[in-house]
Amino acid sequence: MNNSIEMKSITKRFGSLTANNKIDFQLRAGETHALVGENGAGKTTLMRILYGQYAPDEGTIRIDGREERYNVAKALKLGIGMVHQNFMQISKMSIADNIILGHAPKKGFFIDYKSAKKEVSVLLDRFGMKVSPDKLIGSLCVGERQKIEIIKALYLGAKVLILDEPTAVLTPQETQELFQIIEELNSEGKSVVFISHKLREVVRIAHRVTVMRKGEIVRCFDKNEIQETEIARAMIGKQEVSLIQNKNRGNTGETIFIAKNLWVFSDEGAVKVRDISFDVKAGEILGIGGVEGNGQSELINSIIGMTGISGGNLRLVEADFADKTIEERRNLGIGYISEDRMTTGLALNANMDENVICGRENSPQFSRSGFLKRKEIADHSQKLTKEFDIRGIHAEKPVKQLSGGNMQKIILAREISRKPKLLIAAQPTRGLDIGAINFVREQLLEQKAKGTAILLVSADLEELMSLSDRMIILYEGEISGEILSEEFIENSVTEEEIGLMMGGASRSKRQVS
């Protein structure tokens, strides 16, 4: 099989940081080549160079045997497309408009919508999407929106497709559909770079695996060498690597949190959470599963106070708090690990000190007579930096310059140091490497052992099944089923069964009332 892409001795520096150091990477026509490594290993930088977002400081790129230097616009012309983890879509525009945006065919001075929609319709049909190209993209589910991203790349003529964490928000069934699409693209001679932290999926789909660590390639695996444990060892340089599990399921105490007959509507009047009831006990991790867009975000926002409820009750221990402000809820003992650390989790332009006291800046511990106690804040920050192994911290350095794993550690440190009674952990390991994932899991299980009630919201089924004492599944704002502790302990429930509940195809016999 010939190499369609050859990256030779690629080096990229950002100031004193060498993100890529003399990298050699090849991609063959018709293969899926997985690229894995810890956060900060240099994977994204390398792929941004391939996609034309960055120019290498040193090294060459050959495409179909010809040396090229290019930007994103030329990369698209060369047949290189990238599907980002955060979709580059405009929700209030149609499917067709999103796909042709910036590349619309024209008749004279006017956009040729007729031919554009015809071509888009052919691609939609090819991927089994029975929807009109005029449908608003914001009305689609996550799996469908990801298909649109792939369709857009193919519409632009991609022969090489870079997929960045493509299964992060998909059900097992949607993941299998994606893999079928990848295999079909491979059969047509198209190449795929598959960036993922989900090693089981890497083993399933990849023809080859390249492992990066600290800006360098440390191992390449051919198809017959690919094993999950070997890849994990290469990623973090340790001999024994496995994801941490909850080994103390069902050991819970008194009820800490209750949601009763909860209703939440959108600003437009659409039902987002429909008459659901559940509780969380001390020392319990209650997992909430479901494809994104089925009410999870609205449920979280209603508990922490970012949106109001339209009906029902919320209680923390003995206190009703549905009419409380966010600050009052926080002071009652609700902690929140945001599902989006880049927007609601952190103040990106602020430093570590400012982020870890956020929401507590007026407390006597950190202020007096309206003035901040700088020394006490710095001491607190240093203590958390050490306890949570946060790296790369400098006094005036904004947290946006840190890796994703270290950003997440700051959020964990801030929320756990408040000693919450209820800790809401939303997508707490999304986009993290295996070492950072285990650190987060360890912290959650330590909080469980201390009696904290934990609400774990995740699109990662493996994570939910590994950590939850009990789990409920949301579909279209309703609870479609519940999985009890004993089912996890006895391994009597499968990912496929839960995936069907997540997709609304089945419901468990024990629906929560």
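For residue 227, which of the numbered conditions (1) assigned by TED's automatic domain parsing to the domain that holds residue 447; (2) touching a strand residue (DSSP E or B) at 6+ places or on another chain (Cβ under 9 Å) fails to hold?
Of the numbered conditions (1) assigned by TED's automatic domain parsing to the domain that holds residue 447; (2) touching a strand residue (DSSP E or B) at 6+ places or on another chain (Cβ under 9 Å), the odd one out for residue 227 is (1).
Which pairs have Cβ atoms under 7 Å, sit 6 or more apart or on different chains, and link a residue in region 108-130 that is modelled with pLDDT of 85 or more to one that is surrounded by fewer than 16 Cβ atoms within 10 Å (Cβ to Cβ) and of a type in the set (Gly, Ala, Ser)?
So the pair list comes out as 111/104; 116/104.
Here's the yes/no breakdown for (1) touching a residue at least 40 places away in the same chain (Cβ under 8 Å); (2) within 22 Å of residue 402 (Cβ to Cβ); (3) outside the structural domain of residue 78 (by TED's automatic domain parsing):
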| position | (1), (2), (3) |
| --- | --- |
| 9 | yes, no, no |
| 17 | no, yes, no |
| 26 | no, no, no |
| 29 | yes, no, no |
| 33 | yes, no, no |
| 38 | yes, yes, no |
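For residue 455, which of the numbered conditions (1) at pLDDT 90 or above; (2) over 30 Å from residue 331 (Cα atoms); (3) within 22 Å of the chain's Cα centre (by Cα) fails to hold?
Here residue 455 meets the rest and fails (2).
When the residues of region 403-437 are narrowed to those that are assigned to a loop (DSSP other than H, G, I, E, B) and either at pLDDT below 85 or of a type in the set (Gly, Ala, Ser) (or both), which ends up surrounded by the fewest Cβ atoms within 10 Å (Cβ to Cβ)?
Per the stated criteria, the residue is 403.
Could you tell me which of the residues 84, 103 is closer than 26 Å to residue 73 by Cβ and over 23 Å from the mean Cα position of the chain (by Cα)?
Criteria check complete, one pass: 103.
Pick out the one residue from 148, 100, 162 that is surrounded by 19 or more Cβ atoms within 10 Å (Cβ to Cβ), farther than 27 Å from residue 206 by Cβ and of a type in the set (A, V, I, L, M, F, W, C).
100
Please pick out the residue among 46, 50, 35 that is buried (at least 22 other Cβ atoms within 10 Å of the Cβ), outside any helix (DSSP H, G or I), out of contact with any Cys (no Cβ under 7 Å at 6 or more places or on another chain) and modelled with pLDDT of 90 or more.
Of 46, 50, 35, the one residue that is buried (at least 22 other Cβ atoms within 10 Å of the Cβ), outside any helix (DSSP H, G or I), out of contact with any Cys (no Cβ under 7 Å at 6 or more places or on another chain) and modelled with pLDDT of 90 or more is 35.
Quick check on my filter: what residues within region 1-27 are more than 17 Å from residue 217 (Cα to Cα) and over 28 Å from the mean Cα position of the chain (by Cα)?
Selection gives 1, 2, 3, 4, 15, 16.
Table: residues versus (1) outside the structural domain of residue 212 (by TED's automatic domain parsing); (2) of a type in the set (A, V, I, L, M, F, W, C); (3) closer than 28 Å to residue 293 by Cβ.
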{"residue": "375", "(1), (2), (3)": "yes, no, no"}
{"residue": "379", "(1), (2), (3)": "yes, no, no"}
{"residue": "386", "(1), (2), (3)": "yes, no, no"}
{"residue": "406", "(1), (2), (3)": "yes, no, no"}
{"residue": "424", "(1), (2), (3)": "yes, yes, yes"}
{"residue": "444", "(1), (2), (3)": "yes, yes, yes"}
{"residue": "449", "(1), (2), (3)": "yes, yes, no"}
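Considering 174, 149, 225, which residue is free of Cβ contacts under 8 Å to residues at least 12 places away in the same chain and either on the phi > 0 side of the Ramachandran plot or of a type outside the set (S, T, N, Q) (or both)?
Just a single option satisfies the conditions, and that option is 225.
When region 281-323 is examined, which residues are found to be touching a residue at least 60 places away in the same chain (Cβ under 8 Å) and of a type in the set (Val, Ile, Thr)?
285, 288, 291, 300, 303, 304, 317
Evaluate the following for residue 369: is it small (Gly, Ala, Ser), within 35 Å of the chain's Cα centre (by Cα) and either under 17 Å from residue 419 (Cα atoms) or surrounded by fewer than 12 Cβ atoms within 10 Å (Cβ to Cβ) (or both)?
In short, no.
Filter region 435-475 for residues that are among the hydrophobic types (A, V, I, L, M, F, W, C) and out of contact with any strand residue (DSSP E or B) (no Cβ under 9 Å at 6 or more places or on another chain); which is farthest from residue 405 (Cα to Cα)?
Looking at the filtered set, the residue picked out is 449.
Consider region 1-23. How many of its residues are modelled with pLDDT of 95 or more and either out of contact with any strand residue (DSSP E or B) (no Cβ under 6 Å at 6 or more places or on another chain) or not in a strand (DSSP E or B) (or both)?
0
Being within 21 Å of residue 484 (Cα to Cα), surrounded by fewer than 15 Cβ atoms within 10 Å (Cβ to Cβ) and of a type in the set (S, T, N, Q): is that true of residue 331 here?
No, not satisfied.
Would you please name the residue that is surrounded by the fewest Cβ atoms within 10 Å (Cβ to Cβ), looking only at residues in region 372-402 that are more than 27 Å from the chain's Cα centre (by Cα), charged (D, E, K, R) and modelled with pLDDT of 85 or more?
Here the residue is 375.
Tell me which residues, restricted to region 180-214, are part of a loop (DSSP other than H, G, I, E, B), buried (at least 22 other Cβ atoms within 10 Å of the Cβ) and more than 20 Å from the chain's Cα centre (by Cα).
The answer is 190, 206.
Out of 206, 234, which single residue is within 27 Å of residue 145 (Cα to Cα) and small (Gly, Ala, Ser)?
Unique residue meeting the criteria: 206.
Looking only at region 475-513, which residues are part of a loop (DSSP other than H, G, I, E, B) and either touching a His at 6+ places or on another chain (Cβ under 6 Å) or modelled with pLDDT of 70 or more (or both)?
Scanning region 475-513 gives 476, 477, 484, 490, 491, 492, 493, 494, 503, 504.
Residue by residue, here is whether (1) charged (D, E, K, R); (2) touching a helix residue (DSSP H, G or I) at 6+ places or on another chain (Cβ under 8 Å); (3) on the phi > 0 side of the Ramachandran plot; (4) in the same structural domain as residue 11 (by TED's automatic domain parsing) holds:
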residue: 48; (1), (2), (3), (4): yes, no, no, yes
residue: 52; (1), (2), (3), (4): no, yes, yes, yes
residue: 55; (1), (2), (3), (4): no, yes, no, yes
residue: 63; (1), (2), (3), (4): no, no, no, yes
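The values are calculated or read from the model by the stated rules, or taken from the named source; none is laboratory data. Quick caveat, the model's predicted, so the values are computed rather than measured. Positions of Cβ are backbone-derived with ideal geometry, glycine not excepted, and every protein chain shown enters the neighbour counts.
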